[in-house]
Amino acid sequence: MTDCQGDEEGGMSPMELYEKLNAQGDQVRSLKSAKAEKAEIDAAIQLLLKLKVNYKQMTGQDYKAGCPPSENLIVSNNGPTADGSDGEDVVDPWNVSASSAKGVDYDKLIVRFGSSKIDKELLDRIEKASGQRPHHFLRRGIFFSHRDMHQILDAYEKHKSFYLYTGRGPSSEAMHVGHLIPFIFTKWLQDAFDIPLVIQMTDDEKYLWKDLTLEECHRFTVENAKDIIACGFDVKKTFIFSDLDYMGASPEFYRNVVKTQKHVTFNQVKGIFGFTDSDCIGKISFPAIQAAPSFSSSFPQIFGGKKDVPCLIPCAIDQDPYFRMTRDVAPRIGLLKPALMHSTFFPALQGAQTKMSASDPNSSIFLTDTPKQIKNKINKHAFSGGKDTVEEHRKYGGNTEVDVSFLYLTFFLEDDEKLEKIREDYTSGALLTGELKKILIETLQPMIAQHQERRKQVTDEIVQQFMTPRPLNFKF
Ligand code: TRP
């Protein structure tokens, strides 16, 4: 059976993987008894953990030495987090919760998902290839994980270009600052590499998952598209589409959906997404629709029927399950696997244990908030890593790792030196929580006011231009 485990073990049978696990367990034990170097033992344990995760994903069973996989494979329906081996962090397209106040352990997630860390070497390559200093989201580890970025850059250096694909599920009119993160970064990539971009608005997904009418979802697509356009995308290089409109209008897109549907079983999507027998069939086949824009042949008006333009998807890490599935299917339908860059989550005001939620107004700063609302929300709700009294704070200092105001500044304060100074002063106790919050308020108020100003300029005609299938302006 083929499932969506890490890439190297992709072709193995459960029995082969079981045997590889046995051997790796032996390896760890012998390194330990030989008192090998810690780094070497750690690396062996990391690999063991990764194999265990893959084994669980493939078989639905926990690996136990001496218990080979049973014939009757039942794929776990708890989604990609069901490894049972570490922490209680839950990360899937519908839930994010961390067991620690510092938030999700992203290093563990890289191991669990089988992706790669965005390291200094990759940043240097991005800088060299694009001629741009890496965006602060890259420098600060906000985009922290990737798949196949080296292949994308190898090709780019040989003058073979690529395109960007990202998306948004339009579940309400109200977008919050966290929703902008992938778009701000995608805009930077578009400018740095000078490449086309497609943005999928999954109004169909939101209709299937939420208690909303089709008309509402479609209206949210248009409203959200205005906020996305306000991030500054170039209309000559950007195609935004509603699934509800484009699926029916593009035979090539639908053909890729159907090819994907043929190559993924119900058992597999149960394992990846946790669907159950009582989920509607629309949900069960939806992942094929989120997969299709990863293939350049879905957009003949842009790529002139080319099947081999590589795709890079910037997204929050919770979307990875869709693209693990896509990457698993791609070679089997003769298409390229998309590359990915993953971001951490934007924390809720209440703390990094969970991400912002549009349904809890006090957990988020909305793009429609007034300066006064921004100030009140931060002062009232932003979780503080400071001490209870000024005396204690001056004496012991605050904790920037859990302080939401500081975390938000890592997203939005571009000046590295200023940020570092704030970190030092808060940690030493020189800077008080109220003062830190004031810096954040004064960073966000103008940023959001400017966004609102730009959004006002986005007329329905401009949205229409972005959403019209048409050739884009670029050369390959
Ligand atoms: N499923 C995503 C959401 O609910 C929307 C989406 C579709 C997406 N395609 C994407 C997000 C590609 C990132 C990248 O928001």
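The values are calculated or read from the model by the stated rules, or taken from the named source; none is laboratory data. In this text, all values refer to a predicted model and were calculated from it rather than measured experimentally. Positions of Cβ are backbone-derived with ideal geometry, glycine not excepted, and every protein chain shown enters the neighbour counts. The protein model used for the area step is the full one, side chains on, heavy atoms only, and it has no ligands, DNA or RNA in it. Shrake-Rupley method; radii C 1.70, N 1.55, O 1.52, S 1.80 Å.
Just a few scattered comments:
- Screening L47 on (1) modelled with pLDDT under 75; (2) outside any loop (DSSP other than H, G, I, E, B); (3) surrounded by fewer than 18 Cβ atoms within 10 Å (Cβ to Cβ) shows it passes everything except condition (1).
- For the range 307-322, a tally of residues being under 14 Å from I289 (Cα atoms) and either touching a helix residue (DSSP H, G or I) at 6+ places or on another chain (Cβ under 7 Å) or more than 10 Å from the ligand (Cβ to nearest atom) (or both) returns 2.
- When the helices (runs of 4 or more DSSP H) confined to the range 269-367 are screened for residues that are more than 22 Å from P170 (Cβ to Cβ), those reaching at least 2 such residues are found at 300-303, 320-329.
- Taking the conditions (1) surrounded by 24 or more Cβ atoms within 10 Å (Cβ to Cβ); (2) at pLDDT 95 or above; (3) more than 16 Å from the chain's Cα centre (by Cα) in turn, G271 satisfies each one other than (2).
- Taking the conditions (1) more than 16 Å from the ligand (Cβ to nearest atom); (2) surrounded by 21 or more Cβ atoms within 10 Å (Cβ to Cβ); (3) over 29 Å from S297 (Cα atoms) in turn, I118 satisfies each one other than (3).
- Scope the range 114-152; condition within 20 Å of P347 (Cβ to Cβ) and either among the aliphatic types (A, V, I, L, M) or under 15 Å from the mean Cα position of the chain (by Cα) (or both); matching residues: I118, F137, L138, G141, I142, F143, F144, S145
- Selection status of D211, open to solvent by 10 Å² or more (accessible area, probe 1.4 Å) and modelled with pLDDT of 95 or more: yes
- Residue match in the range 226-247 (condition: within 15 Å of Q301 (Cα to Cα) and assigned to a helix (DSSP H, G or I)): yes
- Within the range 180-231, the residues that satisfy the criterion of being more than 15 Å from the ligand (Cβ to nearest atom), of a type in the set (A, V, I, L, M, F, W, C) and more than 19 Å from I365 (Cβ to Cβ) are W188, A192, F193, I195, L214, V222, I229.
- Scanning the range 24-41 for residues that are open to solvent by 60 Å² or more (accessible area, probe 1.4 Å) and of a type outside the set (S, T, Y) yields D26, Q27, R29, K32, A34, K35, E37, K38, A39, E40.
- Any hit, the range 338-356, residues being within 20 Å of D243 (Cα to Cα) and within 16 Å of the ligand (Cβ to nearest atom): yes
- Test: residue in the range 329-342 that is among the charged types (D, E, K, R) and buried (at least 16 other Cβ atoms within 10 Å of the Cβ): yes
- Residue in the range 385-395 that is within 30 Å of R455 (Cβ to Cβ) and surrounded by 19 or more Cβ atoms within 10 Å (Cβ to Cβ) present: no
- For D318: the one exception among (1) within 14 Å of I181 (Cβ to Cβ); (2) in contact with a Gly (Cβ under 8 Å, 6 or more places away or on another chain); (3) not small (G, A, S): (2)
- Number of the condition not met by D388 [criteria: (1) in a loop (DSSP other than H, G, I, E, B); (2) in contact (Cβ under 8 Å) with a residue 12 or more places away in the chain; (3) farther than 30 Å from I240 by Cα; (4) over 25 Å from the mean Cα position of the chain (by Cα)]: (2)
- Number of residues in the range 148-171 that are out of contact with any Lys or Arg (no Cβ under 7 Å at 6 or more places or on another chain), open to solvent by less than 30 Å² (accessible area, probe 1.4 Å) and either within 15 Å of D318 (Cα to Cα) or at pLDDT below 95 (or both): the value is 3.
- Residue in the range 370-379 that is surrounded by the fewest Cβ atoms within 10 Å (Cβ to Cβ), counting only those that are within 16 Å of Y408 (Cα to Cα) and in contact (Cβ under 8 Å) with a residue 12 or more places away in the chain: N379
- Candidates in the range 402-452 are the residues that are within 19 Å of G351 (Cβ to Cβ), surrounded by fewer than 20 Cβ atoms within 10 Å (Cβ to Cβ) and among the polar types (S, T, N, Q); of these, the one that is nearest to the chain's Cα centre (by Cα) is T410.
- Filtered residues of the range 193-207 (kept if part of a loop (DSSP other than H, G, I, E, B) and over 18 Å from the mean Cα position of the chain (by Cα)): D194, I195, P196
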